[in-house]
Every structure is written in C-alpha cells, then in structure tokens.
Ligand code: ADP
C-alpha cells in the first residue's frame, strides 16, 4: 500500500468518496498531546475492564454485535461513502464484524483460562505450575484504508476480548466508519476502553509512543518505522505488511472453479486486499484454456460506481497514489514485452482501473515482484509443479497462496512447500474468514500473527508463570542458606538421575 493522498487541511482530514470524488466528511486530527491524554484515560479505565473477566466482557461484545446488526445498513453506507466499494463488499465487512465479535466473545474465556502445566521433572512435582494471561493495559492499533470496518474489528475485537484497552488510529483515508463503531460502543454504554484518535503518520507515531503493545497493518516502510520505534522503547509489536500472493493452477484442476476463484481472489475489493491473488502460475497443458476462460470471465465483470444498488462487481481504487502504482506496473510490464489481454488502463473518471489480464510476464517485472494492490491478474506458464513452487517462493513476501488441483493430497503436499503464512486449496482469501486459524505473514509480509484462535487474544497478554507448593512445605528447602555441598549433592544426584541418560545418570 502507498502513502495516503488524502489532504490534511488545518488539522482536519477531508474524506472523499474515490468513486465520485465528492467530500463525504471531515474529521479533526488528534495532536500528540491529545493522543497521550487519550492513552492516560484508557490506562485508568483498563483495570476495571480486566477485572470483569472474559464473561463480563462477553456481554459487552455481544451487545456491540447487536448494535452492529441493528445498524448494518448505516455501517455499510458509511463504508461505501469513504471507500466507493460495491455494496456487497461493504456488507461483507459488516458480516465479518458480526462473526468475529461472536467468535471472540464466546471463546475468549477458554482462550484466556489459566493453563496448568506438568512439571518437566519428577523433582518439581512438589509444585503446582500455572501460566496466566494478563492483558497489556493499552494496545495501540493502527489500520489501513482497504477495509474501513473489517480491518479495524479484526484487531479491536480480540484486543478488547483479552481485557486490554484499545487506542485505535484508523487510516486517515477512511476514518468515518471506525468513528461510527466507536459511537456504537458508547451507545451501548460500554466502559470507556475503546478510543479513536484520527490523523495521519504523526498521530500514528503518538499512538506507538503511548501504547504497551502495537498492532499495525499497512505498508512495509511504515511497518519498519514502527518496529524501530517499538524496539527503542522495548515494546512488543505485531506487523502485517502486505503480500504478493501466488496462485498455482495444476493441469488436474477444475479449471472453471480455478478461473472463477482466481478472478474473485484477484479482483475483490479491486485487488486492494492483503491476501489478493497477485500472480498466477499455470501448468502448460491447461495454460491456453485457463487464459481464454479467465479473459472471458474478467470481461463479464461490471466496473463502476455502485452506490447502494449492489449491481457492481469491481469498484474504484482508494486514491490517486494507488492508480499511479497499478498504471506503472502495467506500463513497465508492457515495456518489457508483456501483453494485455483485457483492461490495462485507468478509466479516467473516479479512481477506476480496468480489470486487467497480463500474459508474457516474468520475474523481472514490477507487476510480479512488487505488491500491486490493484485489479491486475498477471499469468505465467510453467512446465510443472516444481517450477510453479519455485517461482511462487521467489518473492520477498509470504502472506498467503492458493493451489488449484483435483488431487487433495497433492494440494496438501504443495501447501507445505510454500513459504507463506496461509494456503487455500481450491479457494482464495477464505483463510481470512476462518478465525480458528492463525492469520499472519512470513518474510516481508510481517511479523507476529494478527488474529485467529487462542493466540489471537493471548498475543494481547503478557504470560505470567506462577509456581505454588503442591504439598505441605518445610521450614526451608535443601538449596537455601546455609550452603552445604551435602544438601546440594543430594539435589544434583536427583537431577542427574532424572535428566541424564545411561551410566551418567548415576555418575559422580
Ligand atoms: P496505507 O496508506 O497504504 O494504508 P501506510 O503504511 O502509509 O499504508 O499507512 C497505514 C497506517 O499507518 C495508516 O493508519 C497511517 O496513518 C499509519 N501511519 C503512517 N505513518 C506512520 C508512522 N510513522 N507511525 C505510525 N503510524 C503511521
């Protein structure tokens, strides 16, 4: 993703609909001092939020879920206003939010329960050992513009479920829907542990300065800056920084499903999706048929401004900077010998870019090596599965991938050879909607795991190790003062006997 092109005037963000260019709202920018004050207020409110336990927090999260469902149309309208995306895509964000609220509300108690562990040695059976999960007081969350609601709730919900207070800095391009969600939190009367500060990089940097844990999603450059800032303060962080996800189509695949799935995976949200299909490798025997079917399907899609109608498939790009990147990737590919089979240019009105199929592309081209984040589908013919895996892994990114095959075990085997955080077999993007799985990138796609499963809430907690006597205690332990080689010798022999092997267990 690129830097935002949203203008900031007199400490106010002007939010525009990229489909029409019209202004849809303005939002005041929070100064660093205001961010610090917001964090201090959250820090004060958080202990009570922690103390009501996951069962108490579940009630608030489910009330928020009710509120989201009762305001689904208003939320979808807001998403469309500031992103210009098709109605169905806006409604998907609302559905995602309802789903993740239900998942973490209902499962956080189990995920955060103390875990008792067995001592590693019989010598320690005198101890009861427990790992407890204690939330960070203030979690700073910084989100991008591609999903004004879903990118926010993917992080905010598990952090709140963990018992942390949340300081959210949404993208300056799409701050309106997050503010609507915060309005919902206030309207249900929930505790004041969710605060939004609006603004661009300076506000984000202040969030990093004032948080105990930072969750960031956005571009690699900003992610690395945040990592450095966190390292200087010895603060933990988790970063998701984009991808260049490959799709591998094998000759035994159901080609129609592969074409439909890859088209959706590449073009949904106009390609502005972290797990978007960004390059396709097709085995030679089915290459021509795949490409012909792909072009026909892409040409059938409806590009344009949807408003509330729900009749458009592909919407606009978020801003001029995105249009410039996609245009550059296509033009650089053409200059190096690629062919455009359909699409290939911005329409000139709004921020629309035609859905595009590129062939005769290779790994010397920016459309294959850089994240495009746009509606392009570059396709490469490969000799076989090994070449497909080698090229798929030839990327600095490692977010997700898809494999299309009629052979289930082949799909599973190839998945394990791909250097990515998630693999969908005969599907695209669906890993994002399976909250029981970890979601995170390898390589330049990020560090840490963003959400999913028990780790999705535990990441917002510090682990605490607790030992307690399991048996009645003596006045003192063998190794306590005064030192005695005889007492320690007994301990040492017992440790050897239980930990070493062979004759060394009983050696002197
Ligand atoms: P994009 O603009 O493509 O979303 P960015 O990485 O520029 O990608 O922005 C992602 C988020 O990070 C946005 O909310 C943005 O305001 C925020 N941000 C930008 N610079 C900084 C920074 N130095 N510190 C913290 N957050 C930042």
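The values are calculated or read from the model by the stated rules, or taken from the named source; none is laboratory data. These numbers were taken from a predicted model, which means no experiment stands behind them. Neighbour counts run over all protein chains shown; Cβ positions are idealised from the backbone, glycine included.
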**Request:** May I ask you to verify whether residue 363 is surrounded by fewer than 14 Cβ atoms within 10 Å (Cβ to Cβ), closer than 28 Å to residue 282 by Cα, touching a residue at least 24 places away in the same chain (Cβ under 8 Å) and not assigned by the TED database to the domain that holds residue 90?
**Result:** yes
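Yes/no per residue for (1) closer than 30 Å to residue 86 by Cα; (2) touching a helix residue (DSSP H, G or I) at 6+ places or on another chain (Cβ under 7 Å); (3) surrounded by 24 or more Cβ atoms within 10 Å (Cβ to Cβ); (4) not assigned by the TED database to the domain that holds residue 159:
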site	(1), (2), (3), (4)
216	yes, yes, yes, no
252	no, no, no, yes
275	yes, yes, yes, yes
279	yes, yes, yes, yes
**Asked** Can you pull out the residues in segment 287-302 that are part of a helix (DSSP H, G or I) and in contact with a strand residue (DSSP E or B) (Cβ under 7 Å, 6 or more places away or on another chain)?
**Response** 287, 290, 291, 294, 295, 298, 299
**Criterion violated by residue 12 - all others in (1) exposed (fewer than 15 other Cβ atoms within 10 Å of the Cβ); (2) assigned by the TED database to the domain that holds residue 180 satisfied** = (2)
**Asked** Has segment 42-52 got any residue that is at pLDDT 95 or above and farther than 20 Å from residue 195 by Cα?
**Response** no
**Request:** Return yes or no: is residue 209 at pLDDT 95 or above, within 11 Å of the ligand (Cβ to nearest atom), within 19 Å of residue 159 (Cα to Cα) and surrounded by fewer than 19 Cβ atoms within 10 Å (Cβ to Cβ)?
**Result:** yes
**Asked** Before we move on, is residue 183 within 25 Å of residue 32 (Cα to Cα), surrounded by fewer than 17 Cβ atoms within 10 Å (Cβ to Cβ) and more than 17 Å from the chain's Cα centre (by Cα)?
**Response** yes
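Filter segment 441-460 down to the residues that are in contact with a strand residue (DSSP E or B) (Cβ under 7 Å, 6 or more places away or on another chain) and at negative phi and list them by number.
Within segment 441-460, 441, 442, 444, 445, 447, 449, 450, 451, 458, 459, 460 qualify.
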**Asked** Pick from 242, 261: which is near the ligand (Cβ under 10 Å from one of its atoms) and surrounded by 15 or more Cβ atoms within 10 Å (Cβ to Cβ)?
**Response** 242
**Prompt:** For residues in segment 119-128 being outside any helix (DSSP H, G or I) and more than 37 Å from the chain's Cα centre (by Cα), which is nearest to residue 458 (Cα to Cα)?
**Reply:** 127
**Asked** When segment 236-251 is examined, which residues are found to be at pLDDT 95 or above and either part of a loop (DSSP other than H, G, I, E, B) or closer than 16 Å to residue 263 by Cα (or both)?
**Response** 236, 241, 243, 244, 245, 246, 247, 248, 249, 250, 251
**Item:** Of all residues in segment 218-235 being part of a loop (DSSP other than H, G, I, E, B) and more than 8 Å from the ligand (Cβ to nearest atom), the one that is surrounded by the fewest Cβ atoms within 10 Å (Cβ to Cβ)
**Value:** 234
**Message:** Out of 199, 140, I need the residue that is on the phi > 0 side of the Ramachandran plot and near the ligand (Cβ under 10 Å from one of its atoms). Which one?
**Reply:** 199
**Prompt:** In segment 303-324, how many residues are over 17 Å from residue 173 (Cα atoms) and either assigned to a loop (DSSP other than H, G, I, E, B) or within 16 Å of the ligand (Cβ to nearest atom) (or both)?
**Reply:** 10
**Message:** Just to be sure I understand, how many residues within segment 332-350 are at pLDDT below 95 and either surrounded by 15 or more Cβ atoms within 10 Å (Cβ to Cβ) or at positive phi (or both)?
**Reply:** 2
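Among 5, 72, which is the only one that is in contact with a helix residue (DSSP H, G or I) (Cβ under 9 Å, 6 or more places away or on another chain) and at pLDDT below 95?
Of the residues listed, the single one that is in contact with a helix residue (DSSP H, G or I) (Cβ under 9 Å, 6 or more places away or on another chain) and at pLDDT below 95 is 5.
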**Prompt:** Mind checking which pairs have a first residue in segment 214-231 that is over 18 Å from residue 398 (Cβ atoms) and a second that is assigned to a strand (DSSP E or B) and within 8 Å of the ligand (Cβ to nearest atom), Cβ under 8 Å, 6 or more apart or different chains?
**Reply:** 214/142; 215/142; 222/216; 226/142; 226/216
